[in-house]
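Written out below as structure tokens is the structure these notes cover.
Bear in mind these aren't lab numbers, they're just calculated from the coordinates by the rules spelled out. Keep in mind the model is a prediction, meaning the values are calculated, not measured. Cβ coordinates were reconstructed from backbone atoms using ideal geometry, including for glycine residues, and neighbour counts include every protein chain displayed.
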Amino acid sequence: MTDVPPLTLKRPRPARALISLVAMIDVLLILLVFFMVTSTYLDLNMIPAVSQNNDTNTTVTTTQDTTPPILIRIGADGAPVIRGKVIALADLDTLLRDRLASSPTLPVMILPTGVARTQALVSVMDTATRAGVRNVRVIRLEARQ
């Protein structure tokens, strides 16, 4: 008989376990939520601003023009309404230019209905800006509860 070397099986070494990033992402998300919930926000009253009681504001209010504002209501169909009358954007531009000629600090308030499209609001604001109005405010009514 011939000498046959004994059969030995070499087992492959198990591969090193990969570090899973999923668990690390979960921990970071939990930490993020924890810090967001427990953090304190800055008190915005600590930002220095001009007080309403300063003498400079009293002189500004006396020199400002006391022109009554124009209220533009935007209906459900998107048409601007002034004093109950529907007005086209071209006519609105003319009206605003005429009023600005007599009062350069004319305040314009825009009140869209709850169902008016945003594009109608943007069109009215663009018309007012093109006419030269510098004091435009958008008013939003809160629902009663």
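Details
- Annotation for the stretch 108-141: trypsin sites (Lys or Arg not before Pro) lying in DSSP loop with at most 10 further Cβ atoms inside 10 Å of their Cβ are Arg140.
- Rounded to whole Hz, the Karplus (6.51, -1.76, 1.60) HN-Hα couplings of the stretch 26-32, x for glycine and proline: 4, 5, 5, 5, 5, 5, 4
- Given R0 = 22 Å, the distance between the Cβ atoms of Val86 and Met125 translates into a calculated FRET efficiency of 0.80.
- FRET efficiency, Arg16 to Thr40 (Cβ-Cβ, R0 41 Å, nearest 0.05): 0.40
- Size of charge dipole - the stretch 64-138 - debye, nearest 20, with Cβ of Lys, Arg +1 and Asp, Glu -1, no other charges: 120
- Couplings 3J(HN,Hα) of the stretch 4-15, computed from phi: 9, x, x, 6, 10, 9, 9, 7, x, 5, x, 5 Hz, in residue order, whole Hz [Karplus 6.51 cos²θ - 1.76 cosθ + 1.60, θ = phi - 60°; x for Gly and Pro].
- Computed as a quarter of the hull surface, the mean projected area of the alpha carbon convex hull for the stretch 64-138 stands at 4.5 nm².
- Amide H to amide H distances under 5 Å link Ile110 with Ile72, Arg137, Val138, Ile139, where only residues 5 or more positions off or on other chains count and H is placed in the peptide plane.
- Distance between modelled label sites at Thr105 and Arg134, nm, 7 Å Cα→Cβ extension: 1.0
- When you count the other C-beta atoms within 10 angstrom of each residue and take the mean per peptide, 91-99, 14-22 line up highest first as 91-99, 14-22.
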